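Taking it in order: structure first as C-alpha cells, then the write-up.
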Amino acid sequence: MIVALSMRVVKAVGYHEPRDALSHDWIDWTERHGWTPLPLSNNLAQPVSYLEAMKVGAIILTGGNDAVPRVGIESDHCPSRNRTERMALDWAIATGIPVLAVCRGLHIVNIHFGGTVLPDIGPLKAAHVARNHKLEILDPLGGILAGSDFETNSFHEQGIAKDGLANALRPFIASSDGLIEGAVHSDLPILAIQWHPERDNPAVQFDDIAAARLFDEGVFWHAG
C-alpha cells in the first residue's frame, strides 16, 4: 500500500529558498510496516490530483512547523503546508482513506474539525519537549491500551487543552497537566497522537498495533 507523508517546510541556509523535508526516520518506519512511502510536497497546485494519481491508500500527517502562528515570538508557521494537509484531509474524509496524524498532525486535525490549538504551551514545555513522560489513559480503545498510565516521547511546544478539542474527536489519552495527547474521530478512520512513533519511543507496541489496525486491516475502533 502507498502511504503519503506530509513534509515540513524548512529554510535553506544562507539564502531564500523554502524547501520540503522529511525525516529518514519516517521512511524507515513506513517501510518497516510493509508500506511504500510517498512524500507529499507542499508546493503542489492540486495535491488531491496527485494523491489520486499515485493511488494513495493512507495518509500520515507528520510533525514539524507550528500549526498556528505564535504571537510575539518567532514562529515557523507555514500556510502552504496547512493548505496542503487540509486539502488532503478533505480528500481522506470524502473517500474514507485512513489518516494517522502525528504531533503537529494532531493539531491540524483538531483545527480541521473546529477545535483550537494553544500557540505556545509556555511553562509546560519543561515536561513536553525532548523527554519521555507518562500519560493518563482516558479510554482503553477496546483493550489496546491497558493499565492506568502510558509512557511516550514528547517534542511539542504547541498543544490542545481539554476544552479546545473538536466535538467530532474523542480523547483517549491526556497528560497530567491538562493537554490532550491522543484522539480518534467518532466516525472516521482518523487516529491523532501527540507523540512520535517514528522516533525512539516507549509506546512502540501501541504504535505498531494501532498502525496495523488503521492501515492494514482497514478497520478502526470507536472510543467510548
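State whether the residues of segment 136-155 include one that is touching a helix residue (DSSP H, G or I) at 6+ places or on another chain (Cβ under 7 Å) and under 14 Å from Gln194 (Cβ atoms). There is at least one residue in segment 136-155 that is touching a helix residue (DSSP H, G or I) at 6+ places or on another chain (Cβ under 7 Å) and under 14 Å from Gln194 (Cβ atoms). Against the definition (within 18 Å of Gly159 (Cβ to Cβ), among the acidic types (Asp, Glu) and open to solvent by 30 Å² or more (accessible area, probe 1.4 Å)), how does Asp90 come out, yes or no? When the stated conditions are applied, Asp90 does not pass them. Screening Asn167, Asn201 for residues that are in a loop (DSSP other than H, G, I, E, B) and surrounded by fewer than 16 Cβ atoms within 10 Å (Cβ to Cβ) leaves exactly one candidate, Asn167.
Conditions tested, residue by residue: (1) surrounded by 14 or more Cβ atoms within 10 Å (Cβ to Cβ); (2) farther than 12 Å from Thr84 by Cβ; (3) over 19 Å from the mean Cα position of the chain (by Cα).
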| position | (1), (2), (3) |
| --- | --- |
| Asp25 | yes, yes, no |
| Asp28 | no, yes, no |
| Glu31 | no, yes, no |
| Trp35 | yes, yes, no |
| Pro39 | yes, no, no |
| Leu44 | yes, no, yes |
| Gly57 | yes, yes, no |
| Gly64 | yes, yes, no |
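Within segment 141-152, the set of residues being touching a residue at least 24 places away in the same chain (Cβ under 8 Å), farther than 29 Å from Arg86 by Cβ and in a loop (DSSP other than H, G, I, E, B) comprises just one member, Gly142.
Is at least one residue of segment 157-167 on the phi < 0 side of the Ramachandran plot and in contact with a Phe, Trp or Tyr (Cβ under 6 Å, 6 or more places away or on another chain)? Yes, segment 157-167 contains a residue that is on the phi < 0 side of the Ramachandran plot and in contact with a Phe, Trp or Tyr (Cβ under 6 Å, 6 or more places away or on another chain). Close Cβ contacts (under 7 Å, 6 or more residues apart or on different chains) running from residues in segment 47-61 that are on the phi < 0 side of the Ramachandran plot to residues that are at pLDDT below 95 comprise Ala58/Phe215. Listed by position, the helices (runs of 4 or more DSSP H) enclosed by segment 19-129 that each have at least 3 residues that are more than 23 Å from Ala211 (Cβ to Cβ) are 47-53, 79-95, 125-128. Being more than 23 Å from Trp195 (Cβ to Cβ), open to solvent by less than 60 Å² (accessible area, probe 1.4 Å) and of a type outside the set (S, T, N, Q) is a condition met by no residue of segment 67-78. Return only the number of the condition from (1) open to solvent by 10 Å² or more (accessible area, probe 1.4 Å); (2) part of a helix (DSSP H, G or I) that Asp177 does not satisfy. The one condition Asp177 does not meet is (2).
Annotation: of all residues in segment 112-127 being at pLDDT 95 or above and over 15 Å from Ile73 (Cα atoms), the one that is most open to solvent (accessible area, probe 1.4 Å) is Thr116.
The values are calculated or read from the model by the stated rules, or taken from the named source; none is laboratory data. Everything numeric here is computed off the predicted structure, so don't read it as measured data. Neighbour counts are summed over all protein chains in view; Cβ atoms, including those assigned to glycine, are modelled from backbone coordinates with ideal geometry. Accessible surface areas use protein heavy atoms only, side chains included; no ligands, DNA or RNA. Shrake-Rupley method; radii C 1.70, N 1.55, O 1.52, S 1.80 Å.
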